[in-house]
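What follows draws every value from the coordinates through simple rules; no lab data is involved. These numbers were taken from a predicted model, which means no experiment stands behind them. Reconstructed Cβ throughout: ideal geometry from the backbone, glycine too, with neighbour counts over all protein chains shown.
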């Protein structure tokens, strides 16, 4: 299946960040070069464990408070730009975003997933996008970072996206790895 121009731009943005990182250029939010350490997942939990007042629910998927806050901020900024709110998608969250956040936290690098494979993992989408980040301690700070980056902002505001998957993992030193996967 062909990957849209938007997906190609997102992938190229990821390659540019990787190239700058390899060249030694400072890139805000990139992980340190420390050896990987133990990782804990901070995204998907059972409905009993989630704070019902802040958790965003979709079927049997509940988001823990940091990701529920990201979703709320995404939809607030979309509303200001006349875009419909994104709804949590189980496959994009459980199968794609959360495992990728854990993977990134283990390797301590920012690398985009092959979105071509996501079409097979979560069928039914004609467009996909991905935002990743590391080193931002809060939902507010990661959203500010994404909104100040043209490519990330474009994904968040893209009116052709209707669904979102979110992932978050934290290393033992507290570094957070954030993932947004968009589908439309």
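Of all residues being touching a helix residue (DSSP H, G or I) at 6+ places or on another chain (Cβ under 7 Å) and without any contact (Cβ under 8 Å) to a residue 60 or more places away in the chain in region 61-94, which is farthest from residue 117 (Cα to Cα)? Just the residue, please. Top of the filtered list is 85. Of the residues making up region 97-105, not a single one is in contact with a helix residue (DSSP H, G or I) (Cβ under 8 Å, 6 or more places away or on another chain) and either buried (at least 21 other Cβ atoms within 10 Å of the Cβ) or farther than 14 Å from residue 180 by Cα (or both). Filtered by the rule that a residue be touching a strand residue (DSSP E or B) at 6+ places or on another chain (Cβ under 6 Å) and either over 13 Å from residue 67 (Cβ atoms) or part of a loop (DSSP other than H, G, I, E, B) (or both), region 146-170 gives 146, 152, 155, 161, 163. Residue count for region 86-105 under the criterion of being part of a loop (DSSP other than H, G, I, E, B) and farther than 19 Å from residue 142 by Cα: the result is 1.
When residues in region 106-144 are screened for being in a helix (DSSP H, G or I) and surrounded by 18 or more Cβ atoms within 10 Å (Cβ to Cβ), 6 of them pass. As for region 105-127, it holds no residue that is closer than 16 Å to residue 67 by Cβ and within 11 Å of the chain's Cα centre (by Cα).
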